[in-house]
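Reviewing the structure listed below.
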């Protein structure tokens with residue numbers, strides 16, 4: 001596979017798959033607590049005020065918003081790093097490989113949004129059109145990992161599709177789910193980003209200057225009216241992808257102690273030639289997969305079903321994810337193939353693509369995140385019910401559809 005590091009890719013897929021299991025457990029725990037005698041404690045925990053104060057500077061938010069605004073900025077930083085790597089040195093950098101994934105992702109965003117708007121054409125319910133556009137890469141890859149002998153090409157297709165989907169979600173958040181803009185803070189955020197880009201141009205190889213600039217960038221984006229998590233994506237644009245040098249070679253020593261010493265030196269050399277982007281992405285993955293996302297799920301997946309009426313918002317979200325995603329992905333993939341814009345991964349067929357379409361209907365993390373930006377109160381609870389119910393069904397249908405398509409292909 002050209003210009004892709006198989007070991008890093010394998011670690012990425014394994015991390016996302018295992019993280020999906022932990023994410024699911026956190027969501028189930030939150031849902032059970034929200035409908036138990038401890039519900040008041042659970043919802044009270046989310047509203048605990050937490051603040052930072054230094055002299056005249058003060059920043060205070062409920063604990064839920066610290067999770068959604070600050071912790072999720074690390075998730076969006078990882079999303080930005082993945083986007084940059086895939087566009088410049090991965091699957092999305094190869095036109096034939098990228099064509100199918102990009103077309104599928106577009107269909108998987110447009111059709112669900114249109115289906116939602118058909119059921120919710122008027123405000124304020126119409127604000128939720130962005131919710132069913134999202135795909136949860138951790139959950140989707142976790143379910144695909146359960147399919148026996150699923151081809152690597154299908155996993156890569158789902159990964160590339162979900163990454164393009166994430167890019168679409170980021171643009172939707174930036175353009176349609178922001179408040180009034182504060183120009184002074186927006187200019188300060190732009191100046192901070194410009195400094196980070198300048199460090200890239202000057203060939204700065206250390207990560208700490210970029211991460212240090214990330215702190216004021218996050219604050220300025222937060223105060224500017226844009227959602228604070230977008231600072232993570234912006235910072236990722238500045239992190240260098242190019243390598244510092246060439247890997248020298250392997251050890252040839254015969255003495256065990258001498259060989260051990262050479263191996264340690266080679267390990268340091270590998271770390272030095274690996275780009276800052278790869279180093280940061282590799283370091284962030286376990287923290288995001290096993291920490292940030294489960295915490296986000298715990299604080300956001302809890303819905304009290306007592307007295308909740310399922311209305312058009314829940315139905316629109318559910319139909320968008322469960323029906324719009326697979327139909328949009330299949331239709332746009334077929335069109336891309338007919339126009340010669342892409343090629344099917346080896347060992348797959350359009351039935352496999354349909355199965356991936358169902359898996360992409362597992363919206364969860366990003367869908368819940370956008371729901372929190374679009375709604376509040378009972379309407380938000382309705383959207384969450386739609387996301388959780390549709391994501392669970394999409395996972396089951398996706399697993400069965402992919403497995404059936406591969407079984408037929410081997411018959």
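The values are calculated or read from the model by the stated rules, or taken from the named source; none is laboratory data. All values derive from a computational prediction rather than experimental measurement. Glycine also receives a Cβ, built like all others from the backbone with ideal geometry; neighbour counts cover every protein chain displayed.
Yes/no per residue for (1) over 18 Å from residue 162 (Cα atoms); (2) at pLDDT 90 or above:
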| residue | (1), (2) |
| --- | --- |
| 324 | no, yes |
| 339 | yes, no |
| 352 | no, no |
| 379 | yes, no |
| 382 | yes, no |
| 392 | no, no |
| 402 | no, no |
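Does residue 167 satisfy the condition of being part of a helix (DSSP H, G or I), under 18 Å from the mean Cα position of the chain (by Cα) and farther than 23 Å from residue 392 by Cα? Walk me through how you get there before you give the answer.
Working: part of a helix (DSSP H, G or I): yes; under 18 Å from the mean Cα position of the chain (by Cα): yes; farther than 23 Å from residue 392 by Cα: yes.
The answer is yes for residue 167.
List the number of the failed condition for residue 158; all other conditions in (1) part of a loop (DSSP other than H, G, I, E, B); (2) surrounded by 19 or more Cβ atoms within 10 Å (Cβ to Cβ) hold.
Result: residue 158 passes all but (1).
Looking at (1) assigned to a helix (DSSP H, G or I); (2) more than 30 Å from residue 64 (Cβ to Cβ); (3) free of Cβ contacts under 8 Å to residues at least 12 places away in the same chain, which one does residue 392 not meet, given that it meets all the others?
Condition (2) is where residue 392 drops out.
Identify all residues within region 9-44 that are under 30 Å from residue 215 (Cβ atoms) and either surrounded by fewer than 16 Cβ atoms within 10 Å (Cβ to Cβ) or at pLDDT 90 or above (or both); write none if there are none.
Selection gives 11, 44.
Filter region 334-348 down to residues that are without any contact (Cβ under 8 Å) to a residue 12 or more places away in the chain and assigned to a loop (DSSP other than H, G, I, E, B) and give me whichever is nearest to residue 154 (Cα to Cα).
In this case the residue turns out to be 340.
Looking for whichever is buried (at least 16 other Cβ atoms within 10 Å of the Cβ) and without any contact (Cβ under 8 Å) to a residue 60 or more places away in the chain here; the options are 145, 150, 196, 169. Which one fits?
196
So, residue 302, is that one surrounded by 22 or more Cβ atoms within 10 Å (Cβ to Cβ), in a loop (DSSP other than H, G, I, E, B) and at pLDDT 80 or above or not?
Working: surrounded by 22 or more Cβ atoms within 10 Å (Cβ to Cβ): yes; in a loop (DSSP other than H, G, I, E, B): yes; at pLDDT 80 or above: yes.
Against the criterion (surrounded by 22 or more Cβ atoms within 10 Å (Cβ to Cβ), in a loop (DSSP other than H, G, I, E, B) and at pLDDT 80 or above), residue 302 qualifies.
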